[in-house]
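Shown next, in structure tokens, is the structure this report addresses.
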Amino acid sequence: MNVKTAKKPESRIDTNYLSKFKMSTFGNDNLYPQTIASIAASSGTATLCLNRYAKFIEGNGFKNVDFAEIAVNRSGDTADSILHLLSQDLAKFGGLAIHVNYNLLGEIVEIQHVPFENCRLEEEDENGYVSHILIHPDWRGKKTRNGVIVKVDSNNVDRINVFNPKKNVVLSQIDKAGGLEYYKGQVLWVSMAGSNTYPLAIYDSVITEMSTDEGLSNIKNRNTRNNFLVSCMLVVKKGSPRIDDNGEEVETKLIEADDLKRFQGDTNGNKIMLVELEQDEEEPKIVPFTTANYDKDFTVTDNSTVERIYAAFSQELFYAIRIGKLGFSGQVMRDAYEYYAGQVTNEQRFIERAFDKVFHYWHVPVNPSMNFSIQPIKYMNSDGNTSDNQG
């Protein structure tokens, strides 16, 4: 087999043109980030790995404490709190977005986190330039405000200029908007996939495994809550109809459906069922089933599924610790932390470059030597130390 004869895979992200908004869609239905985040949230393993991924990207915050604690907007959000939100977006979607506001001198005075899943790219012009970022609080059209759905229409979609901090550009945009009070600022939208390109989530390749993980959880839940596999069939004689007080004919049953429910589930198992027979009624019969035990099959599928999800996040070391392959000690965990902290340095530098772009134009002069570097996270023992005296 060669490239020509290999089965052609489907495109992971289909980008279409939505003329209504002059916009490039994020996926065929414009809901790729919402859909893939929902798939990940349905898998316990993916959620665990995703949270760890975001945690390591954020690290211990910015190394420069003075910068980490600076208030960057009127709401009082600090640089570190914005870093936390951006780390979550970068882990989930592979990109980030920052909204910036300017003063009359064309200097940046405020930044806000913009949820990456809320952003869409305007269609490129003939020169390949994207001028605006389109923002809606919920492209699914399900979000409500004061009980009213925020429709996905031109009235509710903000079209904001892309980040271009050149003073003449900013002042021109302010003038065109009719003044600073009407100016919506700019959005720095950046993707790990490159300029003006919607990114694939790091776990996109294992969405099948994540769905399988959810299915396995459903099977375990159903087996546990419904008394495990069906082991027998209860056969009862259909009762003769009787006449109720209103003269209506009513069907009678020896055992009602509600009676059976009282003996199903993990909290009702092993209860005793008492059936009293009338003289002319037949005794209920139990027909046993020879059931196959699929536990081993599920275990193999479960293990391989979990392993692949861990691998997608480059968290094989944590998986090995989880299954007991490497044992557990402070040294093992420290090595795992140090290894994975090295795996997310590209993501951290990605965020650092974004902050550098913004704060280069900050209204208050920033120390030129400041590089906005993020502290790598380290494993802490129960006593709060990183040392290990176990040898």
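On full extension, the segment bounded by Lys63 and Lys143 gains 25.0 nm, given 0.36 nm per residue less the C-alpha separation. Cross-link pairs exceeding 29 Å in C-alpha to C-alpha distance, out of Lys143/Lys184; Lys55/Lys167; Lys151/Lys176; Lys22/Lys142; Lys142/Lys167; Lys92/Lys143, comprise Lys55/Lys167; Lys142/Lys167. Neighbour counts of C-beta atoms inside 10 Å place Leu104, Leu188 in the sequence Leu104, Leu188, starting with the fewest. Note on Ala71 and Asn246: the extension gain reaches 55.4 nm, defined as 0.36 nm multiplied by sequence separation minus the Cα-Cα distance.
A full extension of the chain between Asn168 and Val130 corresponds to an added length of 11.8 nm, given 0.36 nm per residue minus the alpha carbon distance. Extending 7 Å from the Cα toward the beta-carbon at both Lys220 and Glu338 defines two label points whose distance is 3.3 nm. Provide the FRET efficiency to the nearest 0.05 for the Arg12-Lys176 pair, computing r from the beta carbons and using R0 = 41 Å. After rounding, the FRET efficiency stands at 0.60. Sorting Asp245, Asp89, Asp66 from the fewest to the most surrounding beta carbons within 10 angstrom yields Asp245, Asp66, Asp89. Estimate the FRET efficiency between Ser154 and Ser38 by the formula 1/(1 + (r/R0)^6), using the beta-carbon distance for r and 35 Å for R0, to the nearest 0.05. Calculated value: 0.85. When Arg52, Arg145, Arg353 are sorted by how many other C-beta atoms sit within 10 angstrom of their C-beta, beginning with the fewest, the order is Arg145, Arg353, Arg52. Using the Cβ-Cβ distance between Ser195 and Asn303 with R0 = 45 Å, the FRET efficiency computed as 1/(1 + (r/R0)^6) comes to roughly 0.65.
Each reported figure results from applying straightforward, stated rules to the coordinates on display, with no laboratory input. Keep in mind it's a predicted model, so treat the numbers as computed, not measured. Quick reminder, even Gly has a Cβ in these numbers, built from the backbone with ideal geometry, and neighbours come from all protein chains shown.
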